[in-house]
Amino acid sequence: MDTEALKAQLRAHEGVRDRAYRDSRGILTVGVGFNLTRPDARTRIAAVGADYALVCAGLRALTPRQIDELLDFTIAEACNATRGIVPDFPDLPDAIQLVLVDMVFNLGAAGVSRFRKMLAAVAARDWPEMARQMEDSAWFAQVGVRSQQLVAAVRAVATEDIA
């Protein structure tokens with residue numbers, strides 16, 4: 001999988017903020033969608049050389065390097081989680097891997113695990129059905145442009161398979 005492409009995609013979908021902010025669900029967040037309320041947030045922020053309390057208070061901005069290090073960590077975490085719910089993940093087309101990791105980054109493994117019909121389509125390598133199942137979800141309406149772009153990426157793979 002092209003990690004740089006994934007980083008660019010996540011930066012576009014999540015946005016990049018050097019100071020703490022509340023995301024669309026009211027969760028305190030920084031960088032590229034890094035949840036500051038997660039149990040290991042204090043440790044992760046310290047690992048990149050920042051002061052958790054100051055970051056949470058909005059008194060300290062993260063540097064581009066710190067943001068990138070947090071993003072690398074959360075991408076590795078999302079990839080591992082995706083492998084846990086999609087056993088043949090490494091064998092899937094790169095574009096499908098990017099879509100799945102993006103979804104896990106956004107929804108968490110537990111959230112994506114609820115897409116049973118979509119995951120069945122992935123296992124069957126039925127990309128048109130995967131796209132249909134993505135569209136047939138509350139998530140699709142909730143995230144707007146992001147979900148539309150991810151469905152378009154799946155449909156592009158389906159078109160490649162037909163050609």
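The values are calculated or read from the model by the stated rules, or taken from the named source; none is laboratory data. It should be emphasised that the depicted structure is a prediction, and the values quoted were computed from it without experimental measurement. Virtual Cβ from ideal backbone geometry, glycine too; neighbours counted across all protein chains shown. SASA here: full protein model, heavy atoms, side chains in, ligands and nucleic acids out. Shrake-Rupley method; radii C 1.70, N 1.55, O 1.52, S 1.80 Å.
Look through segment 80-91, keep the residues that are open to solvent by 10 Å² or more (accessible area, probe 1.4 Å) and of a type outside the set (D, E, K, R), and return whichever of them is farthest from Leu10 (Cα to Cα). Write out each step before concluding.
Start the filter on segment 80-91 by keeping residues that are open to solvent by 10 Å² or more (accessible area, probe 1.4 Å), which leaves 80-81, 83-85, 87-88, 90-91.
With the extra rule that they be of a type outside the set (D, E, K, R), the set shrinks to 80-81, 84-85, 87, 90.
On the way: Asn80: 16, Ala81: 16, Gly84: 20, Ile85: 20, Pro87: 23, Pro90: 20 Å.
For segment 80-91, the residue satisfying everything is Pro87.
I'd like to know if segment 136-152 contains one or more residues that are aromatic (Phe, Trp, Tyr) and open to solvent by 30 Å² or more (accessible area, probe 1.4 Å). Yes, the conditions are met somewhere in segment 136-152. Tell me, please, whether a residue that is acidic (Asp, Glu), in contact (Cβ under 8 Å) with a residue 24 or more places away in the chain and either under 19 Å from Arg155 (Cα atoms) or open to solvent by 60 Å² or more (accessible area, probe 1.4 Å) (or both) can be found in segment 120-132. Looking through segment 120-132, none of the residues is acidic (Asp, Glu), in contact (Cβ under 8 Å) with a residue 24 or more places away in the chain and either under 19 Å from Arg155 (Cα atoms) or open to solvent by 60 Å² or more (accessible area, probe 1.4 Å) (or both).
Take the conditions open to solvent by 10 Å² or more (accessible area, probe 1.4 Å) and more than 14 Å from Glu14 (Cβ to Cβ) and apply them to Leu100. Does it pass?
So Leu100 fails the test.
Only residues in segment 42-55 that are under 12 Å from Ile67 (Cβ atoms) count as the first member; pair them with residues that are at pLDDT 95 or above and open to solvent by 60 Å² or more (accessible area, probe 1.4 Å), Cβ under 7 angstrom, at least 6 apart or cross-chain, and list the lot. If the second residue must be at pLDDT 95 or above and open to solvent by 60 Å² or more (accessible area, probe 1.4 Å), the pairs left are Val48/Glu69; Ala50/Arg60.
Within segment 107-118, restricting attention to residues that are part of a helix (DSSP H, G or I) and open to solvent by less than 40 Å² (accessible area, probe 1.4 Å), the residue that is farthest from Ala81 (Cα to Cα) is Met118.
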